[in-house]
Amino acid sequence: MLLADVIRQGTEALTALYPEPEARSMMLLLCEERLGLSRHAYLTEPALEVPAGCLAGDLARLRNGEPIQYILGFADFYGRRFNVSPAVLIPRPETEFLCHTILAAAAGTPAVVDLCTGSGCIAWTLAAEIPGAEVTGVDISPEALTVARGQQVACHRAPSFVQADILADPPASLPEASFDLLTANPPYVMDRERAAMRPNVLEHEPALALFVPDEDPLVFYRAVARWARTLLRPGGWGYAEINALLGPETAAVFRDAGFSGVSLLQDLGGASRFVRFFI
């Protein structure tokens, strides 16, 4: 079968789940990774033949809603390739922008703690981009921490990772007032938002890292604020990714906890996606 036909047929099969440009991008990525072809091979080599059914298994999984990142085992984030599995959320562009915002403001060689680290994409990115930074990632999930510890990212000093529940008190392994910067990307999607979400997220990404109860959607931000009060040194600062539907309410959590300079920051789409605060 001609490569162009493989891409066309695969794209058509996926448009029941995804917009056509996204479906096509998935097929091009599959051809690149599974067949070792460039994404433009169907244009530069129009007569290229590929074995019939060579992508059938991957395509079946995609049609079942499984994210392509889990199928391939990686996601690209901030110019690097990160291992992912169903134990961790797939890194989003919003979180890339959070890293960009933090790095634009970073100075010196801070000690950083990253709460709800998941795949470790924030922790590893900050460790790689800030020479000398000491980064610690925290997560409740041992499976997520296995993924985070196993990342192969070149950096000046590899992060360390700690298992802990941020709804409890910080463990003794994280001394009080020992960090300059706290980052967090906790669960923030309300249960009532499930109906608007794609099946590939609902049925495959870890609910533990996504959802909060409608009756208490800010439970993790109160915990982040409590950890920040304990762990940050005087003059320390923090950033957290948030639910854009709850921007003012989330900012109020940090103001009520006694932080100064609390502000909401917008993502590239203009939504209030992050909260920044200082101690």
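The values are calculated or read from the model by the stated rules, or taken from the named source; none is laboratory data. In this text, all values refer to a predicted model and were calculated from it rather than measured experimentally. Virtual Cβ from ideal backbone geometry, glycine too; neighbours counted across all protein chains shown. Surface accessibility is based on the protein's heavy atoms, side chains included, excluding ligands, DNA and RNA. Shrake-Rupley method; radii C 1.70, N 1.55, O 1.52, S 1.80 Å.
Ranking Leu28, Ser85, Thr95 by how far each Cα lies toward the positive end of the dipole of the chain (charges on Cβ) leaves Thr95 at the top. Over the Cα atoms of the chain, the radius of gyration divided by the Kirkwood radius equals 1.02; this is the Rg/Rh ratio. Contact order, relative form, for the stretch 63-125: 29 percent (alpha carbon pairs under 8 Å, 6 or more residues apart, mean separation divided by residue count).
Rounded to whole numbers, the Karplus 3J(HN,Hα) couplings from phi for the stretch 11-22 are 4, 4, 5, 9, 6, 5, 10, 10, x, 4, x, 5 Hz, using 6.51 cos²θ - 1.76 cosθ + 1.60 with θ = phi - 60°, and x at Gly and Pro.
Under 5 Å from the amide H of Ser178 lie the amide H atoms of Arg233, each residue being 5 or more positions distant or on a separate chain, with H modelled from the backbone and absent for Pro and chain starts. How much net charge surrounds Gly236 when only the other residues with a Cβ under 15 Å from the Cβ of Gly236 are counted, with Lys and Arg +1 and Asp and Glu -1? Here the count lands on 0.
Taking amide H as placed 1.01 Å from N in the peptide plane, the amide H of Phe74 sits under 5 Å from that of Val84, each at least 5 places away or on another chain. Grab the beta carbon distance between Gln152 and Val201, set R0 = 35 Å, and tell me the FRET efficiency rounded to 0.05. In this case the efficiency is close to 0.85. For the peptides 135-147, 196-208, the ranking by packing is 135-147, 196-208, with the highest mean count of neighbouring Cβ atoms within 10 Å listed first. Note on the stretch 1-128: dipole from Cβ charges, positive end direction compared against Ser38, Thr109, Phe74; the farthest Cα belongs to Thr109. Taking the C-alpha atoms only, the angle from helix 219-231 to the longest principal axis of the chain is near 60 degrees.
Charge dipole of the stretch 142-265 (Cα centre as origin; +1 on each Lys and Arg Cβ, -1 on each Asp and Glu Cβ, all else neutral): 440 debye, rounded to the nearest 20.
With a 1.4 Å probe rolled over the protein heavy atoms of all chains, the accessible area of Leu268, Leu245 falls in the order Leu268, Leu245, largest first. Taking Thr230, Thr44, Thr250 as the candidate residues, the one with maximal mean-square fluctuation in a Gaussian network model of the chain, Cα springs under 10 Å, is Thr44. About the centre of its Cα atoms, the chain shows a dipole size close to 420 debye [charges on the beta carbon of Lys, Arg (+1) and Asp, Glu (-1) only; nearest 20 debye].
Accessible surface area normalised per residue over the chain is 45 Å², counting heavy atoms of protein chains with a 1.4 Å rolling probe. If you plug the beta carbon distance of Thr109 and Leu208 into 1/(1 + (r/R0)^6) with R0 = 35 Å, you get a FRET efficiency near 0.60.
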